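In what follows, a single structure is set out as structure tokens and then discussed.
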Amino acid sequence: MAARVVKHTDLKVYQRARAAARQVFEVSKKFPKSEQYSLTDQIRRCSRSVCGNIAEAWRKRRYPASFVSKLNDCEGEAAETQVWLEFAVECKYIERDAAAALYGDYDAIIGMLVTMINKPENWSV
């Protein structure tokens, strides 16, 4: 597990979050121009923030409280992405099935983050 991880990009949760953020970017390209400075920006920002916070958490892993705090930020950003996906479906900007698949990806990401949060000692240097 953590023994083979050298940098944050080696983490499965980071890789999965990057892939999901790329998908969010692609689907949000179809959102109307009127949403550019609201829903589009929000969903892109929080989906990318998951990755940024994972990177920051990884660099803070020698300090368990800081590591867990940044992972909690990741969890919050992932949940926020799910909220914006729900709004995008309600506004008919994204098909329900596509949103459900992304929502499920974020459920899995949150699960991976919670596993790390619950056992920070497995990731310390």
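Listing for the model above:
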item: Solvent exposure of the chain as accessible area per residue, Å², 1.4 Å probe; result: 57
item: Cα-based Lys proximity count in segment 20-125, under 22 Å, for pairs eight or more positions apart or on separate chains; result: 6
item: Correct option for Rg/Rh (Cα atoms, Kirkwood Rh) [calculated from the coordinates] among (1) 1.05; (2) 0.96; (3) 1.02; result: (3)
item: Ellipticity estimate at 222 nm from DSSP helix runs (n ≥ 4, -39,500 (n - 2.57)) divided over the chain, nearest 500; result: -24000 deg cm²/dmol
item: Inverse of mean 1/r across different Cα pairs in segment 59-125, Kirkwood, Å; result: 13.0
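The values are calculated or read from the model by the stated rules, or taken from the named source; none is laboratory data. None of the values given here were measured: they were computed from a predicted structure. Just the protein is used for accessible areas: all its heavy atoms, side chains included, with ligands, DNA and RNA removed. Shrake-Rupley method; radii C 1.70, N 1.55, O 1.52, S 1.80 Å.
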